[in-house]
Structures are given as structure tokens and as C-alpha cells.
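For reference, the structure is listed below as C-alpha cells.
The values are calculated or read from the model by the stated rules, or taken from the named source; none is laboratory data. This one's a predicted model, so the numbers in the text were calculated from it and none came from an experiment. Note that we place each Cβ from the backbone using ideal geometry, even for glycine, and neighbour counts take in every protein chain shown.
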2 protein chains.
Amino acid sequence: MGKKYKTSYSVPFYETDINQQIKLPHLLSLALQVSSQQSLDLGISDDKIFSDYNLVWIVTEYKLDIVRLPHYAEKIEIETEAVAYNKLFCYRDFIIYGEEGEKIVAISSTFVLLDFDSRKAVQVPDGLVAPYESEKIKKVQRGPRFQHLENPTEHLTAVRFFDLDMNGHVNNSKYLEWMYDALEPNFLNQHIPQTVALKYTKEIHQGSTVYSRAELDGLISRHEITTDGIINAQALIEWRKKD
Amino acid sequence: MGKKYKTSYSVPFYETDINQQIKLPHLLSLALQVSSQQSLDLGISDDKIFSDYNLVWIVTEYKLDIVRLPHYAEKIEIETEAVAYNKLFCYRDFIIYGEEGEKIVAISSTFVLLDFDSRKAVQVPDGLVAPYESEKIKKVQRGPRFQHLENPTEHLTAVRFFDLDMNGHVNNSKYLEWMYDALEPNFLNQHIPQTVALKYTKEIHQGSTVYSRAELDGLISRHEITTDGIINAQALIEWRKKD
């Protein structure tokens, strides 16, 4: 059991989608922000590990279970806990509580520490993560295996200037935006996500030609983001029909 | 002189651009959010004017003067004042203060009240805006005249699902994102905006084919966003070279 950290948030208008709910990619950004706040609170801010160790945190996988998404102007609470870590991976959970205090979204995530210059993952230094009081484990938690898409629809996507963040790469949250756009507007207008499994494999830079590929089978969509024939991210989303 | 309202904000990682500064479109969203907070505070929230009058606030113009943009993690203050109004237009200013208390951005904006169903502007009811204590004026404040672009570069843009907000239209802030994308990455990497004049003329819906057209002349860029040959928004941006 790691230390828990909790903060509150009110969903602004400009972060709502057509369903008057929080934009799902924004929820991921928000979760990441809360984990940064916890690090700052514990004296091991992102800035500090960068200046002291030349390291940056990178998310490699997300798994979301969604009862419902926060709605416009809802006052939610976001709780996070760095649950466990092994040699290479750190596992962090987030729980989103609705304004009645009920759990509405559960997110599990996998982080690695990257050397900023080599862009290679480094072994997690015990001392560095000690303040989180996470359990050290041997086991590597495997996410789902994503099957290769056989006959996807393909949606050409241009990287926008504002898709990039201050690292100069496409911000993590944008991949999920692109995945949505490979589905038909009619489908998106009538369905909301129930579970999401999302894996990042390769960063995307300014000027890249990006394809968002998808296969929809009933209420399950499978996604790939590719550049130059290489997979940058994969996802599996289970949808349900809107009430 | 209208009533002033001030709130603070800390710039999160995911709202920074490659210059480690706040994304300019996000600053506009944020300003809008602060004006909504003032309305809520004065008992005339957006929800209330919608349910009581079937009206929504729409921004038609912005003018920005930028000394510098807020940087990552900077604690800024945003002050707003509904300065004046006439029969159809309400004029609202925003000032962004940096963490040393210095003025870093000034924004003037023009709002109209739209009937939600007819999408037509209505006369501003004195009673409705009384709580802001804005001065009633006769004069219509004219923004700059935007000249028609003679020989622009043209950038085809797809409307993303998450470009839409809960009104089902493209969110105002997205037009500016698209305007940036009509300029060369090299130019955007080396320049930052100094003044922006931005005018909205027509809403954009899901499924629209959008062109972002631009002409760059030295440090001045002129922009048009068009759908089906009709102009939806225009802008003029003065840039300066990054330090």
C-alpha cells in the first residue's frame, strides 16, 4: 500500500464533450497532473528528478473502468496511490469520486522512468521512490495483448502544433483523441466508453504523418496509431449505448 | 466601470506548448471560464440565463496584447470586468497577472446574447446585466477590418470529435489552433504572438470540411477559417522572434 493523495476538481465547460461529460483524454491528463502534485508534495517533483537524475516519468499503459464520466461543473475528487513497483515499472492507481462521494472511474497505470537524453528506461532507484511507500514486487504486471488489426479503417491525422507539449512530443492524451476520430461520428454520438485499455509504445514528433486505424466489432473497438508503418499506440475500448 | 472579479490559476503541464508557455487557445478558454465564474458569483450563471431566458453568451471578438505568456507551473491571476454594453454588444476585459503581480496579457472581448433556438442575437436586457454594474453606452466599438486574403496557403483540417463542446459545435478555442497550423512548423518554433485580433462570424459543426487559410507577411500573419467557401473566423496576429 502506497501513500494516498487526493485533490478536488470542478469540470470546466471547455473540457466537456457533446455528452456534457468530461473529455476522456482530459481525464487522463488530469490524473497525470494529480500524480505530479503528489510527487511535489512528497519533495520529489518532476522538476527535481529531472535536474537531479536527468529522468522523466512516462506512462506506458492505462486501464480504465468507467461507471460514468464526470459531468459538466461536477465537483469530483481524484485520489491516487503509487501501489507497487518492480525493477522497471511503477504501478499507480487513480480513483475518481463523483460529487456524492461514489466511485465513478478507476484507472490503473504503468509508469517507467526514462533517461531524458537516451530516451531509454532505467531501473527504478529504490531511494527515489521511497517517499511513495509503494510495495516493491518481483512480478511484472502484464496488460492485455493487443491483436494486430486485420482490416481496419484508416484515418489520416495531422499533428497540430498544440498537440505537442513542452517536451516537444505529442502529448499522451492526443493519441486517444485520434483513436476516437477513426470511428464514425454517428457511433460516437450514441455510445460512451465503459472500459479502455491503452498502451503507448513509441513517441510521436512534430511533422509526423499519423494514421489512426480502427476495427469496430459490435460494442468493441480496437485501435492502432501508426507512423511510417510502425505502431505508436494500441487500444481496446468497450462501449455501451447512451441512456 | 463594472464590478471586477479575480481568480488564480496554476498552469498545468498538459496545457503548455513547446515553448513551456500556456497554449494560447487555452488562455482564451480559461478567460471564458473566469467570466462564467463571475456570473455564477453574481447569481446570473450561464445555466440560469439559459433556463430563465433561453439565452447563451457567445464571444464574437477578441483582442490580445501579450507582453509574455504565462509559463509552466506559474501561478497567475486572472481579473475580469464587464466594462460596458450597448443594445447588442457587451464588452469585457481580462488582465492576466504574472506571479510577480505584473500585467502580462490584456484581453478585450465582445460578447453577444444568442437565443439558443433561433441562434440569433437578442437585445441585451438591462435587468439581466445589471449585476455586473457595466456602463451602458450608445457607441458600437468596432474591431479591426480584416482584409480578404489574396493568395493564402490553405490547410485542410478535420474536425475532431473532441473539438466539439457540449453545445455540439466546435469550441471557440479550436479556431485559433487551426490558424496556427496554417503556418510552417519552423516559423511557429521560432516565434511567439505579440498581438492577436480574432473575429468569429459563423459556428462550425461536426462533419464540416474546414480550411485554415493564411498569409504571412514578415511578422504579421492573416488568417481565415472557412467551410464551404464561407468565412467562419478571421484573425490578424503580430509575432516576435523568440528570445
### Message
Can you tell me which residue is nearest to the chain's Cα centre (by Cα) among those in region A:74-111 that are over 20 Å from residue A:8 (Cβ atoms) and β-branched (Val, Ile, Thr)?
### Response
A:110
### Query
Do we have any residue at all in region B:83-92 that's surrounded by fewer than 21 Cβ atoms within 10 Å (Cβ to Cβ), touching a helix residue (DSSP H, G or I) at 6+ places or on another chain (Cβ under 8 Å), more than 14 Å from every other protein chain (Cβ to nearest Cβ) and over 19 Å from residue B:34 (Cα atoms)?
no
#### Entry: Residue, nearest to residue B:192 (Cα to Cα), within region B:1-30, restricted to residues that are in a loop (DSSP other than H, G, I, E, B) and facing chain A (nearest Cβ under 8 Å)
B:19
#### Entry: Number of positions in region B:119-129 that are surrounded by fewer than 12 Cβ atoms within 10 Å (Cβ to Cβ) and over 23 Å from the mean Cα position of the chain (by Cα)
2
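Need at least 1 residues that are touching a Pro at 6+ places or on another chain (Cβ under 9 Å) per element, so show me which strands (runs of 3 or more DSSP E) inside region A:88-182 make the cut, counting only ones lying wholly within it.
Details: elements: A:90-97, A:103-115, A:153-158.
Here the list reads A:90-97, A:103-115.
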### Task
Give the residue that is nearest to residue A:92 (Cα to Cα), with candidates limited to residues of region A:50-73 that are more than 14 Å from chain B (Cβ to nearest Cβ), in contact (Cβ under 8 Å) with a residue 40 or more places away in the chain and over 18 Å from the mean Cα position of the chain (by Cα).
A:55
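Quick check on this structure: which one of B:20, B:38 is under 17 Å from residue B:180 (Cβ atoms), in contact with a strand residue (DSSP E or B) (Cβ under 6 Å, 6 or more places away or on another chain) and buried (at least 16 other Cβ atoms within 10 Å of the Cβ)?
On the way: B:38 fails: under 17 Å from residue B:180 (Cβ atoms).
Being under 17 Å from residue B:180 (Cβ atoms), in contact with a strand residue (DSSP E or B) (Cβ under 6 Å, 6 or more places away or on another chain) and buried (at least 16 other Cβ atoms within 10 Å of the Cβ) holds for just one of B:20, B:38, which is B:20.
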### Task
Note down all Cβ pairs under 6 Å where the first residue falls in region A:174-185 and is within 17 Å of residue B:165 (Cβ to Cβ) and at pLDDT 95 or above, the second is assigned to a loop (DSSP other than H, G, I, E, B) and not β-branched (Val, Ile, Thr), and they're at least six residues apart or on different chains.
A:177/B:160; A:181/B:160
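When you check residue B:196 against the structure, is it more than 10 Å from chain A (Cβ to nearest Cβ), under 18 Å from residue A:26 (Cα atoms) and among the hydrophobic types (A, V, I, L, M, F, W, C), yes or no? Walk me through how you get there before you give the answer.
Working: more than 10 Å from chain A (Cβ to nearest Cβ): yes; under 18 Å from residue A:26 (Cα atoms): no; among the hydrophobic types (A, V, I, L, M, F, W, C): yes.
Criteria not met by residue B:196.
Within region B:187-243, which strands (runs of 3 or more DSSP E) (wholly inside it) include 2 or more residues that are within 15 Å of the chain's Cα centre (by Cα)? Before the answer, list the steps.
Numbers: elements: B:191-200, B:209-217, B:220-227, B:230-241.
Output list reads B:191-200, B:220-227, B:230-241.
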### Task
Evaluate region A:145-166: report whether one residue or more is out of contact with any Asp or Glu (no Cβ under 6 Å at 6 or more places or on another chain), in contact (Cβ under 8 Å) with a residue 12 or more places away in the chain, more than 14 Å from chain B (Cβ to nearest Cβ) and buried (at least 16 other Cβ atoms within 10 Å of the Cβ).
yes
### Message
Suppose the filter is surrounded by fewer than 21 Cβ atoms within 10 Å (Cβ to Cβ) and outside any loop (DSSP other than H, G, I, E, B); does residue B:65 pass it?
### Response
yes
### Task
Answer with yes or no whether residue A:117 is within 30 Å of residue B:180 (Cβ to Cβ) and either more than 14 Å from every other protein chain (Cβ to nearest Cβ) or not aromatic (Phe, Trp, Tyr) (or both).
yes
### Query
Of the residues A:139, A:174, which is within 14 Å of chain B (Cβ to nearest Cβ) and either closer than 25 Å to residue B:174 by Cβ or out of contact with any helix residue (DSSP H, G or I) (no Cβ under 7 Å at 6 or more places or on another chain) (or both)?
A:174
### Tally, over region A:31-49, of residues that are more than 19 Å from the chain's Cα centre (by Cα), within 12 Å of chain B (Cβ to nearest Cβ) and of a type in the set (D, E, K, R)
1
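Being in a strand (DSSP E or B) and small (Gly, Ala, Ser) narrows it down to one residue among A:82, A:73; which is it?
Values: A:73 fails: in a strand (DSSP E or B).
Answer to the selection: A:82.
Could you list, in sequence order, all residues of region A:226-242 that are touching a Leu at 6+ places or on another chain (Cβ under 9 Å) and either among the basic types (Lys, Arg) or surrounded by 21 or more Cβ atoms within 10 Å (Cβ to Cβ) (or both)? Lay out the reasoning, then the answer.
Residues of region A:226-242 that are touching a Leu at 6+ places or on another chain (Cβ under 9 Å), as a first pass: A:233-241.
Listed by number, the residues that qualify are A:233, A:234, A:235, A:237, A:240, A:241.
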